Structure formats: structure tokens, C-alpha cells
Amino acid sequence: MPNLVNKLVKKDLTREFKDAEGMLLVTFGGLTVQESETLRTKLSEHGVKLSMIRNKLARQVLSERGCEFADGTFVGNTAIAYGGAEAAIHAAKIFTEKDVKKAGKVSLRAGLLSGSVLGAKDAEELADVPDMNTLRSKILGCLSGPARGLVTCLDGNTSGFARLMKARSEQLEGSQPG
């Protein structure tokens, strides 16, 4: 029978994870307090929450949510970074930064994005996904590109016609007897 503390923690985690669109499960051992706080600060700037969780509780809560992770995911010190889908992408970027990778104390084990379970490699690849503002600007460029090309083409025809008429008028002025 689970004790009262485990029930309360499980209830709290269930509530916290209910609305999370993205999660990253990471190995989170060997960090100093200062390194841990620096990492948590970077994550919180992008709306990402980070919790150290006992493996058994994490497995139970995520299983109840319908997320089944591969064997070996919940081994050792486990932390879960969670938030919206874009927050998970920012977390992946932070966890794969040079400084963090160089220290070798944090590594991605798995992830969850919009209901899809991701392996370690897929979770790392989230770091390559551009943020929403970059995606919006790329889409805007794709949408406005053809219109810009059409305007340039049409403008080229009218300005070319104007230059042709000017050259012809100058030619006619030069051929008239004075």
C-alpha cells in the first residue's frame, strides 16, 4: 500500500503533467547546486518546469496518462522537463548546448511531444526545430515570395516600356530637321 506522501506526490504530478504538451526525460546526476540552478533558470525563462522525480512514480503517472517508454528509460537520477510543445523544444536546445554536453552530467533519455513518445535520438533532434517566430517568418516568406516576384515582373514590364518610349522619343527628336 503506497504511503500518504507517495499518494500526494503522484496526485500533484498527475495534475502538473495533465496539460503538458511536451516533456523531456533526462539523466540529471552529478550537477553541483550552482549548475542545477543555472540550468533551472535557463529553462524557466522559456516556460519550462523541471522536476526530479522518483522513477517508480514517474513511470506510474506517465503510464496512467497513456505514455509507455522503453525499458531502461527510468534508471538512475531522472528529471522531467515539461511545459508546452514549444517549451519542450527550448528545453531540448538548452540540454544540447555545448556547455551542458561538455559537462556530460545531463543527457536526454526520452521525450513526449503532443502525445507522441520520442526516443533519446528523437528528443535530441528537437533542438534542431526552429521556434515559432522563425517558423512564422519562414511561412510568411513562402507566402509573400510569389506575390513579390509577380510585382517585380509586372513593374519590370512597365518600366521597360517607359524606357523604350523615352528612347524612341529621343530618337525622333534627333532625326527631325532643325
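Here, each number is a calculation from the coordinates, and none is a lab measurement. All values derive from a computational prediction rather than experimental measurement. Reconstructed Cβ throughout: ideal geometry from the backbone, glycine too, with neighbour counts over all protein chains shown.
Data overview
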| read-out | value |
| --- | --- |
| Top of A87, A58, A103 by mean-square fluctuation, Gaussian network on the chain, Cα under 10 Å | A103 |
| Ratio of Rg to Rh over the range 12-169 (Cα coordinates, Kirkwood Rh, two decimals) | 1.32 |
| Largest-first principal axis extents of the Cα set of the range 19-110 (Å) | 34, 26, 18 |
| Relative contact order for the range 1-139, counting Cα pairs under 8 Å that sit 6 or more residues apart, in percent | 33 |
| Gain on full stretching of the segment that runs from T32 to S44 - 0.36 nm per residue minus C-alpha separation | 2.5 nm |
| Within the range 24-117: Cβ-based charge dipole about Cα centre, in debye rounded to nearest 20 (Lys, Arg +1; Asp, Glu -1) | 160 |
| Chain lengthening between K166 and S114 when straightened (0.36 nm per residue, less Cα-Cα) | 12.5 nm |
| Simple label model, 7 Å out from Cα along Cβ direction - V5 to S63, nm | 2.2 |
| Extension reserve of the D12-D122 stretch, reckoned as 0.36 nm per residue once the Cα distance is removed | 36.8 nm |
| Cα-based reach from K56 at 20 Å (exclusive), listing lysines while leaving out same-chain residues under 8 positions away | K7, K10, K11, K18 |
| Part-to-part distance (alpha-carbon centres) for the range 20-34 and the range 81-96, which is given in Å | 11 |
| For the range 130-135, Karplus couplings with θ = phi - 60° (6.51, -1.76, 1.60), whole Hz, Gly/Pro x | x, 6, 4, 5, 5, 4 |
